Amino acid sequence: MKHLLSIADLSEFEIVGILDTASELEKLTSGSVKKLPTLRGRTVVNLFFEDSTRTRLSFESAAKRLSADVTNFSAKGSSVSKGESLKDTAQTLEAMGADLIVIRHPASGAAKRLAESGWIESSVINAGDGTHEHPTQALLDAFTIRKHFGSTLTTFSGLKIAIVGDILHSRVARSNVLLLRKMGADVTLIAPPTLLPSTIDSWGVRSSYDFDENLEEFDVVMMLRVQLERMNDSFFPNGREYSKGYGLDGDRLKRLKSNAIVMHPGPMNRGLEISAASADSIRSVVIDQVSNGVVVRMAALYQLLGGPNISSTHETLGA
Amino acid sequence: MSLILDQAEIARALKRISHEIIERNHGIDSISLMGIPTRGRYLASRLAGILESIEGPVPVGSLDITMHRDDHRLRAPRPLAETVMPQGGVEGRDIVLIDDVLFSGRTIRAALDALGELGRPRSVQLAVLVDRGHRQLPIRPDYVGKNIPTSLKESVKVKLSEIDGEDLVEIVEVEE
């Protein structure tokens, strides 16, 4: 495994392998052992062209817990604002000794371009590229689901999962749909017509405009953030209308199955897609998702950096 | 390929090691066993069974050393095995580490690091089913099932019924 760019590149076997590794790492680091020496001497660079709290901090703690050195780069306040290109920025970072670059970029495909254009030798992890993919988020969501429904599950068949909200702009939804389908879950995407992509029929999952239909059947309700910063048009009349149709409020929360869980990748727009009562309820695993993110990213870093340096920059994961 | 130990000989070696552990530690009160996955774990459970039949129950755990290896840059990442704390932890105990084959000593070096993360045992002892020599580090076993002089062209295979379906130790020529 050289890069982690897309869930599409991973086999079901590789996905389960990462989740199993994460489970062991969680047990290993839950007690007094917070730090493992495994990646000593390796350098991980967080290259963030978009704002982020939890993803960047999560990669940073994951790398530090494996004893790697971490350098954080954010485009704001850097030479990027003087017009430096992605290529020059990445080559500069590699010249400073980066072994792995974690990239978040507003353009879909940026991570793949960085990994496969021959600019650099380092491994690349996609930490969100535009509206395309966010593979480590899908992996941590799968890890969270597994913790609730059976920590050694190798398949999600029989689990009914709803992904609700701004599907159109969501890289989290794309990565999750790919992963959950590979794992055999029964996925339904729920959104207003304006926030469902026009290509939805080719995704191979069900879609619905009605959140209230079959609400009692879902084991997992995954709420998505309404991405106002990506909206250059009006996709719904106003916030209140959206909440009424697609927000997880107290009434909808009550209708959920007794063992159902509520997920949200964060940051939450409280009162818009999720009410404060739902976000803080016992069904909500939002905080668990954050701590699971660290161990899942440790597993990913170990998979990519735990082996010998691979000189070929063209070998991608799963190939 | 030549057979070094058969099922009965493995059983006898483990029985002798059990008695040696009891003798050296004046009983089993301070002893906890930690097996190194994969096969060290099964050997640890077997030793615990024998010790229990002689003196009484002994806490058993397992110690995965993957994240403490020093050869990450040389080999592909390996899946992690389970680490299980023995009942009562490791703090202040006399820990007997158990592995199937002692070779370069690097696994045991990693195990000492991994163990150090879990706590501070009073002492650490090492029991192995086979010592094949060729140490690269200043490490020696306290209990040995059998010393087998080997050449570097040979490899020692330990099979245990728990995962391999049979009990035996054999030497295999490695093809270059």
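The values are calculated or read from the model by the stated rules, or taken from the named source; none is laboratory data. Everything quoted here is computed from the prediction, not taken from an experiment. As a convention, Cβ positions derive from the backbone with ideal geometry for all residues, glycine included, and neighbour counts pool all protein chains shown.
Of note:
- Extreme residue, nearest to residue A:123 (Cα to Cα), among residues of segment A:1-21 that are away from every other protein chain (no Cβ under 13 Å) and either without any contact (Cβ under 8 Å) to a residue 12 or more places away in the chain or of a type in the set (S, T, N, Q) (or both): A:6
- Filtering segment A:264-299 to residues that are farther than 21 Å from residue A:138 by Cα and of a type in the set (Ser, Thr, Tyr) leaves A:275, A:278, A:281.
- Residue check for residue A:128: buried (at least 18 other Cβ atoms within 10 Å of the Cβ), at positive phi and not in a helix (DSSP H, G or I): yes
- Candidate set: segment A:299-313, residues that are at pLDDT 80 or above and at the interface with chain B (Cβ under 7 Å from one of its Cβ atoms); chosen: the one farthest from residue A:59 (Cα to Cα): A:306
- Across segment A:260-298, the qualifying residues are those that are of a type in the set (Val, Ile, Thr) and not in a helix (DSSP H, G or I), and the one among them that is nearest to the other protein chains (Cβ to nearest Cβ) is A:285.
- Only residues that are of a type outside the set (Ser, Thr, Tyr) and surrounded by fewer than 16 Cβ atoms within 10 Å (Cβ to Cβ) were counted across segment A:55-69, and they come to 1.
- Scanning segment A:22-45 for residues that are β-branched (Val, Ile, Thr) and either more than 8 Å from chain B (Cβ to nearest Cβ) or crowded, with 21+ Cβ neighbours inside 10 Å (or both) gives A:29, A:38, A:43, A:44, A:45.
- Given (1) within 14 Å of chain A (Cβ to nearest Cβ); (2) in a helix (DSSP H, G or I); (3) of a type outside the set (Ser, Thr, Tyr), index of the condition residue B:8 fails: (1)
- Test for residue A:141: is it under 19 Å from the mean Cα position of the chain (by Cα) and among the charged types (D, E, K, R): yes
- Selection over segment B:61-80 of residues that are of a type in the set (Asp, Glu) and within 8 Å of chain A (Cβ to nearest Cβ) gives a count of 1.
- For residue A:96, the conditions (1) more than 14 Å from chain B (Cβ to nearest Cβ); (2) within 21 Å of residue A:303 (Cβ to Cβ) all hold with the exception of (2).
- Residue in segment A:195-206 that is over 18 Å from residue A:278 (Cβ atoms) and either buried (at least 22 other Cβ atoms within 10 Å of the Cβ) or not assigned by TED's automatic domain parsing to the domain that holds residue A:278 (or both) present: yes
Conditions tested, residue by residue: (1) more than 14 Å from every other protein chain (Cβ to nearest Cβ); (2) modelled with pLDDT under 95.
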residue: B:82; (1), (2): no, yes
residue: B:100; (1), (2): yes, no
residue: B:109; (1), (2): no, no
residue: B:124; (1), (2): yes, no
residue: B:158; (1), (2): yes, no
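- The number of residues in segment B:118-141 being surrounded by 21 or more Cβ atoms within 10 Å (Cβ to Cβ) and out of contact with any strand residue (DSSP E or B) (no Cβ under 6 Å at 6 or more places or on another chain) comes to 1.
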